[in-house]
Amino acid sequence: MRQGLDLQGLSKSFKGSPVPALEEFSLSLAPGSCTAVLGPSGSGKSTLLRTVAGLEIPDRGSVLLDGQDLAAVRPERRGMAMVFQRPLLFPHLNVLDNVAFAATIRGVPRRRARADAEAFLDLVQMEGTGKRVVSDLSGGQQQRVAIARGLAARPEVLLLDEPFSALDPELRSAMHELLAQVREKLNPTILMVTHDRDEAAAVADHLAVISEGKLLQHSTVQEMYTRPASLQVSRLMGGTNEIPGTVRDGVHYSALGAHALPGNHQWPEGPATMVIRQERIILLDEHSPGLPAVVTGIRNRGPRKLVTMEAAGVNLHAEATASPALATGDAVRIQLPTPELAVVGGTSEHRSAPLTSPDWKVLA
Amino acid sequence: MPAAEVLTARTRPRPRTAAGHGTKARVQGLLLAVPAVLLVAFVVVGGSAMVAAQSLGLMPLVGRPELSTAAYTAHGGDLLVGVGLSLAIAGASTVLACLIGFAAALIMMQGRWCGKLVAAMSSLSIPVPHIVGAATAGLLLADSGLLARVFGAAERWPDVVGGQWWLAVIFEYAWKESAFVGLVVAGTLATRSVDYEETAALLGAGRLGRLRHVLLPLSLPALIISGTIAFIYSFGSYEVAWLLGRPYPEPLPVMALRLYNSVTLTARPEAAAVAVVTAVVSLGAALVALACLRKIPLWR
Amino acid sequence: MLYSVSGGYAKVPLAFDQDAFDRLSPALLNELEDLKPSLWRQGSTYPKSSGELDALYAGGQVDSTMTYGPATLTKLVADGTYPATTKVLTLDEGTVGNASFLAIPSTSGQRSGAMVVANIALSEEQQATKADPRIWGQFPVLDSDALSPEGRALFEQLPTSPVVPGYEVLSKNANPELAAEWVPALDEAWRRQILAGG
């Protein structure tokens with residue numbers, strides 16, 4: 001019976017580090033789900049993965065797979081495979097024998113192990129490379145072989161530790177496609193660590209946001225963007241708009257006026273900060289209906305622009321297509337559509353403007 | 001599917017370094033090494049040629065030069081026995097050194113205090129000269145040595161020093177060379193073996209599986225190289241066998257030295273003949289090792 | 001031992017000749033072969049040098065050793081290297097003894113200087129100092145009857161040894177040393193028949 005992976009209250013500290021790498025971290029993964037763990041560097045993501053794999057022993061807490069506590073189970077018996085940021089293909093084996101490694105270890109006859117490995121090479125579209133020497137392959141090819149090698153071990157849980165971060169963007173999207181195929185065909189439970197929000201959104205059905213070893217939120221990808229559990233999550237997910245105010249009867253009151261919140265949720269009364277994704281703010285010309293605002297800065301983001309505005313003393317950010325010719329100092333109108341609004345508890349200290357680009361690498 | 005196109009485009013191997021540039025750098029590197037190589041070649045080739053000529057009767061101390069193999073046949077039987085004995089001693093001590101050295105390297109890799117202790121002990125024993133090591137081994141292992149006294153086994157103590165099986169000699173070589181092998185192997189394993197071990201563990205390999213399928217193959221080139229160096233050293237050095245061995249049969253280097261130092265100066269060509277045989281066998285060992293290395297994919 | 005099995009040193013020509021060697025050596029080698037059961041490790045192997053034999057004696061592995069410098073024994077027994085029960089064994093047939101000698105190469109460019117040095121080395125003071133077991137412990141080469149009274153006094157001041165008997169006892173019935181040419185022949189015969197014969 002597959003019950004999935006259950007992490008209960010994992011804590012782990014390292015000698016010489018004042019901050020625990022993991023603190024009371026609990027997470028449940030449904031079998032066959034794909035969860036991406038997002039967080040800045042040093043937030044404990046990799047420690048989490050290593051603890052699940054059994055490479056680190058948690059100070060407290062337990063890892064349960066299908067209801068069985070894995071505390072006494074050595075890494076090689078956990079039925080998990082891990083793909084690291086570096087491919088780590090065994091240099092003394094050719095491509096095919098790398099993929100056949102798990103089978104060889106289990107004592108499967110060589111011929112069968114190799115035939116099996118061929119199938120997995122096909123799966124990662126590396127057919128015909130089996131006889132090659134590992135060092136002849138490019139980085140992306142090696143990483144695909146590493147994934148094939150992990151999958152050939154037929155793991156119940158596949159752990160991916162930033163497996164695509166060293167690849168260039170187009171190759172990365174190809175790998176996302178590959179991962180989708182793997183899920184379709186083999187359906188392992190996948191726990192993936194990444195610092196790339198777009199990657200997480202592209203491959204995972206669930207996100208877990210971690211910071212300083214603590215789980216901040218675990219939800220579907222969509223919810224993570226639209227219903228952040230806290231200001232911190234909103235910021236970690238790249239949200240930049242924070243409007244302090246108060247909630248009464250499902251309506252948020254602030255310097256921007258009264259905004260009705262989505263009706264499908266029970267919003268707590270009292271001081272609260274309203275958030276809205278910058279992609280969701282509707283930007284209109286100054287003769288349209290909406291809140292008046294003044295453009296204070298424009299930054300080019302490829303095909304789109306990040307527009308900084310001030311409306312009633314509140315700094316706001318909106319992503320606009322390149323078409324309307326906007327300039328700093330222009331007067332505009334903005335609309336904040338109700339379904340896109342969310343509030344998080346408490347008032348926020350005002351973030352100092354202007355905002356830097358919400359880039360994870362900068363955060364790192 | 002656009003992704004597939006990207007993938008096929010990527011499947012081609014990366015072009016190697018531009019040929020022109022690579023050749024130029026290689027020539028430059030060779031030129032830089034030339035002075036040292038010339039000097040070494042002069043000493044080694046010159047010395048070997050002299051010894052070979054002497055062994056063939058072309059450079060007698062007295063009398064006329066005359067090409068002959070008399071020096072090789074003078075002690076024909078002893079020479080063959082010497083080759084066998086030297087091979088056996090060097091072989092046994094190299095096998096032991098590789099086993100112990102590999103185990104030591106694995107312990108060093110653990111990185112805990114015992115690993116550091118083993119690493120420190122190995123590093124300390126490297127600069128000890130073999131002759132000091134041999135004297136120490138003698139004091140420790142002789143019939144009236146420290147161990148025999150500690151265990152109060154004066155009468156029952158086995159013939160370790162000067163015994164039939166050359167145990168003390170093999171022990172001394174194995175001890176010294178295992179430190180060397182251990183440090184060389186640990187050096188090659190240090191960089192990435194932990195990552196590979198973890199990867200292998202997560203693919204289901206237990207301790208023995210990792211040892212056999214990961215650590216051993218990864219260390220194999222270093223083991224072969226350091227083992228060959230250890231073998232050729234033990235094969236060609238005389239002082240340990242001379243101090244801890246028995247007078248008959250003689251390993252080749254001991255025989256060469258005895259003949260060279262003989263009161264009869266005309267025995268010098270015979271000493272040279274023994275030295276030539278020693279050198280030829282060592283060269284053969286090095287060639288065998290290179291042939292083994294070529295078969296290992298990791299060595300390329 | 002060659003003297004002994006040959007019926008005395010008078011029977012062995014000091015200068016090497018192959019006939020004498022062929023005639024005399026079989027008895028010697030047979031005797032050595034017969035000795036094996038009484039030897040260290042039953043004669044299956046032998047120490048490679050007199051130094052090694054001394055070490056075996058010092059370690060209590062063998063009951064006797066050989067030396068050309070019996071005067072050194074006093075010190076070796078005193079500092080505990082050799083057991084206190086060490087005794088010098090003099091044989092009725094006598095022992096082989098030799099004396100160190102000084103030579104000047106025929107090609108020497110400084111003969112006169114070398115002769116001066118040789119004279120100093122042969123002086124009564126130098127010889128008495130050399131004979132002192134606390135310093136070197138080698139017997140003098142001087143004839144005691146020819147010494148000056150002062151020189152004689154110097155030698156009489158030397159301590160008597162509890163281990164080593166006097167020179168007159170040791171040198172009694174002294175046998176002469178064979179010529180150097182005997183050495184490689186005897187050595188090779190011993191190596192082939194006794195050592196290799198295992």
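Being farther than 23 Å from A:E177 by Cα, within 11 Å of another protein chain (Cβ to nearest Cβ), more than 32 Å from the chain's Cα centre (by Cα) and of a type outside the set (A, V, I, L, M, F, W, C) is the requirement here; does A:G128 meet it? Break it down into steps so the answer makes sense when it comes.
Numbers: farther than 23 Å from A:E177 by Cα: no; within 11 Å of another protein chain (Cβ to nearest Cβ): yes; more than 32 Å from the chain's Cα centre (by Cα): yes; of a type outside the set (A, V, I, L, M, F, W, C): yes.
Considered against the rule, which asks whether it is farther than 23 Å from A:E177 by Cα, within 11 Å of another protein chain (Cβ to nearest Cβ), more than 32 Å from the chain's Cα centre (by Cα) and of a type outside the set (A, V, I, L, M, F, W, C), A:G128 comes out as no.
Any chance region C:24-43 includes a residue that's touching a residue at least 60 places away in the same chain (Cβ under 8 Å), within 13 Å of another protein chain (Cβ to nearest Cβ) and touching a Pro at 6+ places or on another chain (Cβ under 8 Å)? Scanning region C:24-43, I find at least one residue that is touching a residue at least 60 places away in the same chain (Cβ under 8 Å), within 13 Å of another protein chain (Cβ to nearest Cβ) and touching a Pro at 6+ places or on another chain (Cβ under 8 Å), so the answer is yes. Per the listing A:V73, A:V99, A:V52, A:V63, the residue uniquely farther than 18 Å from A:A153 by Cα and not charged (D, E, K, R) is A:V63.
Quick one: would you say C:L142 is loosely packed, with under 13 Cβ neighbours inside 10 Å and assigned to a loop (DSSP other than H, G, I, E, B)? Taking the combined requirement at face value, the residue does not satisfy it. On the stretch given as region A:261-273, residues that are surrounded by fewer than 17 Cβ atoms within 10 Å (Cβ to Cβ) and part of a strand (DSSP E or B) total 2. Screening the candidates B:G206, B:G152, B:G115, B:G163 for the property of being surrounded by fewer than 21 Cβ atoms within 10 Å (Cβ to Cβ), facing another protein chain (nearest Cβ under 10 Å) and modelled with pLDDT under 90 yields one hit, B:G163. The number of residues in region C:158-198 being touching a residue at least 24 places away in the same chain (Cβ under 8 Å), surrounded by fewer than 14 Cβ atoms within 10 Å (Cβ to Cβ) and under 18 Å from C:I135 (Cα atoms) comes to 2.
Checking A:F164 against (1) in a helix (DSSP H, G or I); (2) free of Cβ contacts under 8 Å to residues at least 40 places away in the same chain; (3) buried (at least 23 other Cβ atoms within 10 Å of the Cβ); (4) more than 10 Å from chain B (Cβ to nearest Cβ), only one condition comes out false. Which one? Here A:F164 clears every test but (1). Note on region C:145-184: residues that are over 30 Å from B:R258 (Cβ atoms) and in a loop (DSSP other than H, G, I, E, B) total 15. The helices (runs of 4 or more DSSP H) found wholly in region A:25-116 and carrying at least 2 residues that are within 13 Å of another protein chain (Cβ to nearest Cβ), closer than 30 Å to A:G128 by Cβ and in contact with a helix residue (DSSP H, G or I) (Cβ under 6 Å, 6 or more places away or on another chain) occupy A:95-99, A:101-106.
Look through region C:25-46, keep the residues that are within 22 Å of the chain's Cα centre (by Cα) and in a helix (DSSP H, G or I), and return whichever of them is farthest from B:D159 (Cα to Cα).
We begin by selecting, within region C:25-46, every residue within 22 Å of the chain's Cα centre (by Cα); these are C:25, C:28-29, C:31-32, C:35, C:39-40, C:46.
Filter once more, keeping what is in a helix (DSSP H, G or I): C:25, C:28-29, C:31-32, C:35, C:40.
On the way: C:S25: 31, C:L28: 28, C:L29: 26, C:E31: 26, C:L32: 22, C:L35: 20, C:W40: 11 Å.
So the residue we want is C:S25.
Can you pull out every residue in region C:7-24 that is farther than 15 Å from C:A185 by Cβ and assigned to a helix (DSSP H, G or I)? Step through it out loud before you land on a result.
First, the residues of region C:7-24 that are farther than 15 Å from C:A185 by Cβ: C:7-11.
C:Y9, C:A10, C:K11 - these are the residues of region C:7-24 that are farther than 15 Å from C:A185 by Cβ and assigned to a helix (DSSP H, G or I).
Here A:I276 passes the criteria (1) touching a helix residue (DSSP H, G or I) at 6+ places or on another chain (Cβ under 7 Å); (2) among the hydrophobic types (A, V, I, L, M, F, W, C); (3) surrounded by fewer than 20 Cβ atoms within 10 Å (Cβ to Cβ) except the one numbered (3). Considering region B:236-261 alone, what residues qualify as being of a type in the set (D, E) and buried (at least 22 other Cβ atoms within 10 Å of the Cβ)? Of everything in region B:236-261, just one residue is of a type in the set (D, E) and buried (at least 22 other Cβ atoms within 10 Å of the Cβ), namely B:E250.
Whether any residue in region A:312-329 is in contact with a helix residue (DSSP H, G or I) (Cβ under 8 Å, 6 or more places away or on another chain) and part of a strand (DSSP E or B) is what I want to check. Checked region A:312-329: no residue is in contact with a helix residue (DSSP H, G or I) (Cβ under 8 Å, 6 or more places away or on another chain) and part of a strand (DSSP E or B). Pick from region B:271-300 the residues that are under 25 Å from A:L93 (Cα atoms) and not aliphatic (A, V, I, L, M): which of them is surrounded by the fewest Cβ atoms within 10 Å (Cβ to Cβ)? This residue is B:K295.
Just to be sure, is A:V157 closer than 25 Å to A:L10 by Cβ and within 14 Å of chain B (Cβ to nearest Cβ)? Taking the combined requirement at face value, the residue satisfies it. Can you find a residue that is out of contact with any Lys or Arg (no Cβ under 8 Å at 6 or more places or on another chain), of a type outside the set (A, V, I, L, M, F, W, C), touching a residue at least 60 places away in the same chain (Cβ under 8 Å) and within 22 Å of B:L96 (Cα to Cα) anywhere in region B:269-284? The answer is yes; a qualifying residue exists. Pairing each residue of region B:228-241 that is closer than 16 Å to B:L257 by Cβ and in contact (Cβ under 8 Å) with a residue 24 or more places away in the chain with any residue that is surrounded by fewer than 20 Cβ atoms within 10 Å (Cβ to Cβ) and hydroxyl-bearing (S, T, Y), provided the two are 6+ apart or on different chains, yields C-beta distances under 8 Å for B:F235/B:S282; B:G236/B:S282.
If the requirement is being more than 11 Å from every other protein chain (Cβ to nearest Cβ) and buried (at least 23 other Cβ atoms within 10 Å of the Cβ), which of these qualifies: B:A200, B:A230? Walk me through how you get there before you give the answer.
Working: B:A200 fails: more than 11 Å from every other protein chain (Cβ to nearest Cβ).
When all the criteria are applied, what remains is B:A230.
Evaluate the following for A:S17: is it away from chain B (no Cβ under 14 Å), assigned to a strand (DSSP E or B) and surrounded by fewer than 19 Cβ atoms within 10 Å (Cβ to Cβ)? Break it down stepwise before answering.
Numbers: away from chain B (no Cβ under 14 Å): yes; assigned to a strand (DSSP E or B): no; surrounded by fewer than 19 Cβ atoms within 10 Å (Cβ to Cβ): yes.
No, not satisfied.
Screening C:G109 against (1) in a loop (DSSP other than H, G, I, E, B); (2) out of contact with any helix residue (DSSP H, G or I) (no Cβ under 9 Å at 6 or more places or on another chain); (3) in contact (Cβ under 8 Å) with a residue 40 or more places away in the chain leaves a single unmet condition, (3).
Is it the case, given these coordinates, that C:T72 is within 13 Å of chain B (Cβ to nearest Cβ) and under 26 Å from C:P140 (Cα atoms)?
Numbers: within 13 Å of chain B (Cβ to nearest Cβ): no; under 26 Å from C:P140 (Cα atoms): yes.
Judged against the criteria, C:T72 is not a match.
B:P297 meets the stated requirement of being modelled with pLDDT under 90, over 30 Å from B:G163 (Cα atoms) and at the interface with another protein chain (Cβ under 9 Å from one of its Cβ atoms). Within region B:70-79, if we keep just the residues that are touching a residue at least 24 places away in the same chain (Cβ under 8 Å) and away from every other protein chain (no Cβ under 14 Å), the residue that is surrounded by the fewest Cβ atoms within 10 Å (Cβ to Cβ) turns out to be B:A70.
For region A:250-264, the set of residues classified as touching a residue at least 12 places away in the same chain (Cβ under 8 Å) and either closer than 16 Å to A:P339 by Cβ or among the charged types (D, E, K, R) (or both) consists of A:G250, A:H252, A:H259, A:A260, A:L261, A:P262, A:G263, listed by residue number. When region A:77-96 is filtered for residues that are under 23 Å from B:L298 (Cβ atoms) and free of Cβ contacts under 8 Å to residues at least 24 places away in the same chain, only A:H92 remains.
The values are calculated or read from the model by the stated rules, or taken from the named source; none is laboratory data. Predicted, not measured: the structure shown is a model, and the values here were computed from it. So basically every Cβ, Gly included, is an ideal-geometry build from the backbone, and we count neighbours across all protein chains shown.
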